[in-house]
Amino acid sequence: MLLFALGFLLVILQPSAGQFPRVCANVQSLLSKECCPLWDGDGSPCGELSNRGSCQNILLSQAPLGPQFPFSGVDDREDWPSVFYNRTCRCEGNFMGFNCGECKFGFSGLNCTERQVKTRRNIFQLTASEKNKFLAYLNLAKNIPSQDYVIATGTYTQMNNGSNPMFRDINVYDLFVWMHYYASRDTLLGGSNVWRDIDFAHEAPGFLPWHRVFLLMWERQIQRITGDENFTIPYWDWRDAEDCEVCNDEYMGGRHPTNPNLLSPASIFSSWQVICTRSEDYNSQQALCSATSEGPIRRNPGNNDKSRTPRLPSSADVEFCLSLTQYESGPMDKMANYSFRNTLEGFADPQTAISNPAQSGLHNALHIYMNGSMSQVQGSANDPIFVLHHAFVDSIFERWLRRHRPMLEVYPAANAPIGHNRENYMVPFIPLYRNGEFFKPSRELGYDYEYLQEPALQSFQDFLMPYLQEARQIWAWLVGAAVFGGIVTAVLTGLVRACRKKKGGTSSEIQPLLIESEDYNNISYQSNF
């Protein structure tokens, strides 16, 4: 009871991160299209009196999009969040939040000037008390309402263009389930028509940055409601696993003794109710998920379609994926070949990097393997294994960033599927985050992974790999330069010797001493090449 009371108090006192800020979910804000809440610290919008930020027009990217979404003006998520708001808080320095009342990821302190890097750890390396605390935190989030955010239960049109707000309360855990649903839901076109080839969080370049932000926000929310500022999300390293190692009552819930599709009654997660899993119902009703309960978590790991996902990913799969030098390629969707993103996401073969949507590799393989709530994209975050899984996927993304050290320009600036260009704002986050802002090493965002800190051989290989690949690319030039240098040296040597022979009759007493012959071969000649 003490933990619950503490959670309520902390949620009331501090802002959280999520979707629609409660203070902006009203007629005035929607009709004015402005969401610039007051900061409690000085009572001014966006903390302007304290130089934290100011209310500014939203600057939208004008870069062209890919051909996957052939419509315009039919989906509230287009040019996010301009359908709902075109003025929000623009925070200065290290301040962040819908009212600039928080610190950016990786900073803390009264004025957000203290750098910090926290470590995410393997769930099997946690002590019993740490593991039990993590499970208790999950359950707390499932049972405590968000005080700062609400969810939309209707489209902007159904809200009569803002004059009839349609929002409802939601608990902290389900807030994130709903956000994942909202980013990946189909476009409602009216009548019974929908457009399915759209997703603001998957099947395109933003997949990895989007889930990186999602986890950072989720992690911070747990820190807030528990008062445990040192909390970090654990990860499950599923490489070479023979089965679901976390699927037992000690961790994320075992199998029900009589119904293999449900969780064991001994698990705290057996009482959880899922939301946003009935996409076909929402589509037929042309409605949004309203976050009503839709039954228990379903999970039957390993009893999936083996023709699509024959096994869990291997270490070799991960290493091959990490060797790919291109972050994105071709159409920049699930048909992309030789794309690190598409291979890690699981639409390309983890042994060839050739697109094959009929198979599920790496990230996708885990979702399909779980054979239940995790296996349906829009509602997959209902299963708490989701955060363990995506934390490890993010660590693979981090390894790729450290190995290849890409410039920001490597992330596509244009022609990606809708919502996935570098300067697009991610749906449905408020405060606003651009895709490109999270295409950077995790330590710059305030966190690291335990297994990436170990001075192992792999870390050394990751360090050397960019230089080895660069040397491999210019090898032909290096050989050519060496041959050219050798020819120049031989010619010059011959010329000098010829000159010496020609002057052989000159008295040694009057011959100028240019250089000792034994030192001559130490001269090095460098071409501009």
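Laboratory data are not the source of any read-out in this text; all were calculated from the coordinates shown. Computed from a predicted model, the values in this text were never measured in an experiment. Neighbour counts are summed over all protein chains in view; Cβ atoms, including those assigned to glycine, are modelled from backbone coordinates with ideal geometry.
Miscellaneous remarks
- In the structure shown, the pairs Lys104/Lys142; Lys133/Lys306; Lys334/Lys440; Lys118/Lys440; Lys104/Lys334; Lys118/Lys142 are assessed against 27 Å; a Cα-Cα span above that value is assigned to Lys133/Lys306; Lys104/Lys334.
- The smallest convex shape that holds all Cα atoms of the range 316-409, its convex hull, gives 102 Å³ per residue.
- Per-residue HN-Hα couplings for the range 194-202 [Karplus 6.51, -1.76, 1.60; θ = phi - 60°; Hz; x = Gly/Pro]: 9, 10, 8, 7, 8, 6, 8, 10, 9
- In this simple spin-label model, placing a label point 7 Å from the Cα along the Cα-to-Cβ direction at both Ala266 and Asp169 gives a separation of 3.6 nm.
- Sparsely packed loop sites in the range 285-350 (the trypsin sites (Lys or Arg not before Pro) outside DSSP H, G, I, E and B with at most 16 other Cβ atoms within 10 Å) comprise Lys306, Arg308, Arg311.
- Taking Cα centre as origin and charging only the Cβ of basic (Lys, Arg, +1) and acidic (Asp, Glu, -1) residues, the dipole magnitude of the range 325-394 rounds to 60 debye.
- Between Leu49 and Asp305, the simple label model (points 7 Å from Cα in the Cβ direction) yields a spacing of 6.0 nm.
- FRET efficiency estimate (nearest 0.05) - Cβ-Cβ, Lys131 to Leu38, R0 51 angstrom: 0.80
- Cα centroid separation, the range 251-328 to the range 381-416: 20 Å.
- Ser315/Arg115 FRET efficiency (R0 41 Å; Cβ-Cβ; nearest 0.05): 0.80
- In order along the range 403-409, the Karplus-derived 3J(HN,Hα) couplings, from 6.51 cos²θ - 1.76 cosθ + 1.60 at θ = phi - 60°, round to 6, 9, 6, x, 6, 4, 5 Hz, and Gly and Pro are given as x.
- For the pair Ile354 and Arg239, a Förster radius of 22 Å applied to the C-beta separation gives a FRET efficiency near 0.50, rounded to the nearest 0.05.
- Net dipole in debye of the range 181-336 [+1 Lys, Arg Cβ; -1 Asp, Glu Cβ; about Cα centre; nearest 20]: 360
- Between Leu59 and Asn160, the modelled label-to-label distance comes to 3.7 nm, taking each label 7 Å out from Cα in the direction of the beta carbon.
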